[in-house]
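Enquirer: Before we start, here is the structure in question, set down as structure tokens.
The values are calculated or read from the model by the stated rules, or taken from the named source; none is laboratory data. Quantities reported herein were computed from a predicted structural model and do not represent experimental measurements. Methodologically, a virtual Cβ is constructed for each residue, glycine included, from the backbone with ideal geometry; neighbour enumeration extends over all protein chains shown.
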Amino acid sequence: MDDTQIKEQVRERYADIARQKLAGKPSSCCAPSSAETSCCAPSDVIPADLLTTKDALPDDIVNTSLGCGTPLEIAQVQPGETVLDLGSGGGLDCLYASKRVGARGRVIGVDMTTDMLTLARANAQKVGATNVEFRHGELENLPVDDNSVDVIISNCVVNLAPDKDRVFREAFRVLKPGGRVAISDMVTRLPMPEIMRANIASWAACVSGAITEKEYIEKMRAAGFVGVDKVAGGENPLEPVYSAKFVARKP
Ligand SMILES: C[S@@+](CC[C@H](N)C(=O)[O-])C[C@H]1O[C@@H](n2cnc3c(N)ncnc32)[C@H](O)[C@@H]1O
């Protein structure tokens, strides 16, 4: 299985989910069955401080989330900032970020799956968010200018990328000096066995592409990030694959 084949499978999987969601069908999970560990437990995907009536989003939009956490809770996004969401899916985190940055700020979501972009744009239109745009592109080759972003967020996506080094190098390129990264992602307690790596269905379900926390941190540092830290996740030693949160910044 080469990188192109992995990406093709991942794209097909999320296109299928997006089409179901666009058709109003309940497709709440990226895993094919609940028996499979996945990124998309419908747990807490709403940042605690955005649970107010004023900032609430409609349930049907919240339900488009395929995330594994709340990167915005650790991103400390400020009014007027530019936020980039890597693998924006149905756009939930972008829409929450749009409330944080306000009219003077802007939010860019990037996703490689056209149907996901359609879903995200429909969601943005539904709530009248005008400071958000969704761009078609790959994390490995971001359609974003150098040194142009204040904050990068990402929710359950980097694990799906076959070339994570390149993803982190691209993230580093587009961040302004001093810019921050806040990521929720699936990681493993032990290195993933090769036989699991070859399971494409499991890869697309956010399991087989996951790497250990240590590798994750090393790869971010190798890309040039400083202050790289895991700030949550992995508390239950019985979970072999779990959601963790990472922060970092560009010097
Ligand atoms: C598990 S979903 C998460 C979506 C969203 N972040 C959320 O929290 O709901 C993964 C998303 O990442 C996108 N994706 C996966 N690999 C990607 C890549 N290499 N480049 C761009 N998008 C990618 C998929 O198309 C899909 O929309």
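Enquirer: Looking at the structure I just gave you, is V241 of a type in the set (A, V, I, L, M) and closer than 21 Å to G91 by Cα?
Expert: No.
Enquirer: Please list, ordered by first then second residue, the pairs with beta carbon atoms under 6 Å, 6 or more apart or interchain, first in region 1-25 and under 12 Å from L119 (Cβ atoms) and within 11 Å of the ligand (Cβ to nearest atom), second part of a helix (DSSP H, G or I) and modelled with pLDDT of 90 or more.
Expert: Qualifying pairs under 6 Å: Y14/M116; A15/D115; A18/D115; A18/M116; A18/L119; K21/L119.
One line per residue, one yes/no per condition, for (1) modelled with pLDDT of 95 or more; (2) surrounded by 19 or more Cβ atoms within 10 Å (Cβ to Cβ); (3) within 16 Å of N155 (Cα to Cα):
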site	(1), (2), (3)
I200	no, no, no
C206	no, yes, yes
V226	yes, no, no
N236	no, no, no
K245	yes, yes, yes
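Enquirer: Is it fair to say R173 is over 26 Å from I17 (Cα atoms), among the basic types (K, R) and not in a helix (DSSP H, G or I)?
Expert: Considered against the rule, which asks whether it is over 26 Å from I17 (Cα atoms), among the basic types (K, R) and not in a helix (DSSP H, G or I), R173 comes out as no.
Enquirer: Just give me the residues in region 143-158 being buried (at least 22 other Cβ atoms within 10 Å of the Cβ) and either more than 18 Å from R104 (Cβ to Cβ) or within 9 Å of the ligand (Cβ to nearest atom) (or both), in sequence order.
Expert: Once the filter is applied, which keeps residues that are buried (at least 22 other Cβ atoms within 10 Å of the Cβ) and either more than 18 Å from R104 (Cβ to Cβ) or within 9 Å of the ligand (Cβ to nearest atom) (or both), region 143-158 yields I152, I153, S154, N155, C156, V157, V158.
Enquirer: Also, I was wondering about something else. Can you find a residue that is at pLDDT 95 or above, touching a Pro at 6+ places or on another chain (Cβ under 9 Å) and under 18 Å from D93 (Cα atoms) anywhere in region 160-172?
Expert: No, the conditions are met nowhere in region 160-172.
Enquirer: For region 210-226, name all the residues that are over 21 Å from M196 (Cβ atoms), in a helix (DSSP H, G or I) and touching a helix residue (DSSP H, G or I) at 6+ places or on another chain (Cβ under 7 Å).
Expert: Matches in region 210-226: M220, A222.
Enquirer: Here's a follow-up. Output the residues belonging to region 59-96 that are closer than 17 Å to G128 by Cβ, within 13 Å of the chain's Cα centre (by Cα) and not in a loop (DSSP other than H, G, I, E, B).
Expert: If the condition is that a residue be closer than 17 Å to G128 by Cβ, within 13 Å of the chain's Cα centre (by Cα) and not in a loop (DSSP other than H, G, I, E, B), then L92, C94 are the ones that fit.
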